[in-house]
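Trainee: One structure, as structure tokens, below. Some questions next.
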Amino acid sequence: MRQDEFISMRHNSEAPSDSSLPADEANRKRIEPARIEELPSFTLAGISTVTTNATELSGKGKIGQLFEHFHALNISELLAPHLQQHGHFSCYFNYEQGVAGQYEVMVGVHVRQLEQVQDLASISTFTVPSARYAVFVTERGPIFEVVQRAWTDIWHWSEQSGNDRAFTGDFECYSPNIDPNDGQAEIYIAIRQ
């Protein structure tokens, strides 16, 4: 599966039905949140774009290109002097209407202070607000596939009564030396208190 297809699928505004999934996928046990965690606010710096789920599903998606640019421009190295935490994030925020409208997506790193990165051209920043999160831990495997499966599970989970997303800022956290062929990630979904 191409990276842009993966990213388009994981941001689909509707969860895939079990009948549209391959037999082995429909029969596998869905992951649930590994834990509920409260985090203080923190700042990310990187590159971002505004998109919608409809755009991502149209074949003209922007998220795959954003990941490619992040790695091609070596943004992690550029921001290395400002790092608070190693690894990289993809963050989804400024949701216009939950899953129905525009949202911004940033691929970036966790930095110490907002002021320290304002002098870098083309770098955006976002302060993820303090929130309560449902934390999903992917299976281990090819990272794009395991994250895709996790997002499918997150869509199913969010449709269940009592699982109320806040849409203040959701993010994926990737370790610094993640193996794209055999990796694991954590996905933090902001939930209402």
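The values are calculated or read from the model by the stated rules, or taken from the named source; none is laboratory data. Note that the structure is predicted; figures quoted are calculated from it, not measured. Counting neighbours? That spans all protein chains shown, and the Cβs are built from the backbone with ideal geometry, glycine included. For accessibility, only protein heavy atoms count, side chains too; no ligands or nucleic acids. Shrake-Rupley method; radii C 1.70, N 1.55, O 1.52, S 1.80 Å.
Trainee: What's the number of the condition P40 fails, among (1) modelled with pLDDT under 90; (2) open to solvent by 40 Å² or more (accessible area, probe 1.4 Å)?
Mentor: Only one criterion in (1) modelled with pLDDT under 90; (2) open to solvent by 40 Å² or more (accessible area, probe 1.4 Å) is unmet by P40, namely (1).
Trainee: Can you pull out the residues in region 75-116 that are small (G, A, S) and within 22 Å of I63 (Cα to Cα)?
Mentor: S76, G87, S90, G98, A100, G101, G108, listed by residue number.
Trainee: Then there is this: List the pairs whose first member sits in region 73-87 and is free of Cβ contacts under 8 Å to residues at least 24 places away in the same chain, whose second member is part of a helix (DSSP H, G or I) and open to solvent by less than 80 Å² (accessible area, probe 1.4 Å), and whose Cβ atoms are under 6 Å apart, counting only residues at least 6 apart or on separate chains?
Mentor: So the pair list comes out empty.
Trainee: Specify the residue that is farthest from V128 (Cα to Cα); the eligible residues are those in region 48-101 that are in a strand (DSSP E or B) and open to solvent by less than 20 Å² (accessible area, probe 1.4 Å).
Mentor: Taking the candidates together, the pick is T51.
Trainee: Also: When you check G108 against the structure, is it surrounded by 19 or more Cβ atoms within 10 Å (Cβ to Cβ) and in contact with a Pro (Cβ under 8 Å, 6 or more places away or on another chain), yes or no?
Mentor: No: the conditions fail for G108.
Trainee: If I filter region 155-165 for residues that are part of a strand (DSSP E or B) and modelled with pLDDT of 90 or more, do I get at least one hit?
Mentor: Looking through region 155-165, at least one residue is part of a strand (DSSP E or B) and modelled with pLDDT of 90 or more.
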